[in-house]
């Protein structure tokens, strides 16, 4: 089977410059980037995958996460049908002997399997060939069940001055790029190759030379989810044209000129205007839980209504689905 080219279906790439760094991460790197995708995704990986799971809200124990229960909503992580099999310090042997046997009972026609493996042994001669051969064989076997298989590139490491390089496993980005090149060449067409190396290259931060800060993990996670969305789903409008969604504003005595009150997925990206109120300075927008979910933004602190201060205009990207509600926040001059 050749690689399937699907029509891109944007969902919630919500980009917004804000002052507070934690808030900026939430806007730039949304947790639920395609809320309406019904497929289950199983991530298989090493310590970087464990850290990514923790970044989006999961809790791991002893450097390992094995969350494979189908259909269960993980309220701690808010990840729903995103399942995980990952462990610190693992490589090819663990993937073959432990990870894949564990996940196979959970595979069905509604599953995508994503491998994030290789950084711990990509220096070993012949490892790219072993990875590509094994993943290719499994992809062909699983395809009969309706399972899609993807492989994510090994991502760059930090500088030689970082603590990671004080260990015995010295790795540089040229070696990683060569490993990625071989993997891309060797993987069969029915395995989706997701290039996250280029996504973060030149704009990433590590905490120890090997593992990333939260912002970098969100970039990688979002790229994986959007590439899977493009591969597995093709958007079709309902009969009679695109559905219209409502936009509601609570202005608390303020005014908003030319506000948009509805949109469809065909509208394209647009910005909210800046409201005005005599004697007050506009402090940004507050969004309820439904709006956060629609825009693919993770909540902070578990409150039903999350507050974000957005001094600049909010951009709603094309392809978002659902009613939106914004409450204006004011600061007395």
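Throughout, read-outs are computed from the coordinates displayed, never taken from laboratory work. Computed from a predicted structure; not experimentally measured. Cβ: placed from backbone, ideal geometry, glycine included. Neighbour counts: every protein chain shown.
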*In nm, to one decimal, how far is the modelled label at residue 245 from the one at residue 281, with both set 7 Å along Cα→Cβ?*
3.2 nm
_Could you order the peptides 125-136, 146-157 from most to least packed, using the average number of other C-beta atoms within 10 Å per residue?_
146-157, 125-136
*Report, largest value first, the span of the C-alpha coordinates of the range 38-232 along each principal axis, in whole Å.*
45, 37, 30
*Arranged by the count of other C-beta atoms within 10 angstrom, fewest first, what order do 211, 51 take?*
211, 51
*Provide the gained length on full extension for the span residue 289 to residue 260, in nm with one decimal, where the gain is 0.36 nm per separating residue minus the Cα-Cα distance.*
8.4 nm
*Give me the number: length gained by fully extending residue 181 to residue 96, i.e. 0.36 nm times residue separation minus the C-alpha to C-alpha distance, one decimal in nm.*
28.4 nm
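Which order do 263, 197 fall in if you start with the one that has the fewest other Cβ atoms within 10 Å?
Exposure proxy ranking, most exposed first: 197, 263.
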*How do 207, 103 rank when sorted from fewest to most other Cβ atoms within 10 Å of their own Cβ?*
207, 103
*Based on the Cβ-Cβ distance from residue 140 to residue 252, what FRET efficiency comes out when R0 is 45 Å, to the nearest 0.05?*
0.15
*Once label points are set 7 Å from the Cα along Cα→Cβ at both residue 62 and residue 189, what is their separation, rounded to one decimal in nm?*
4.5 nm
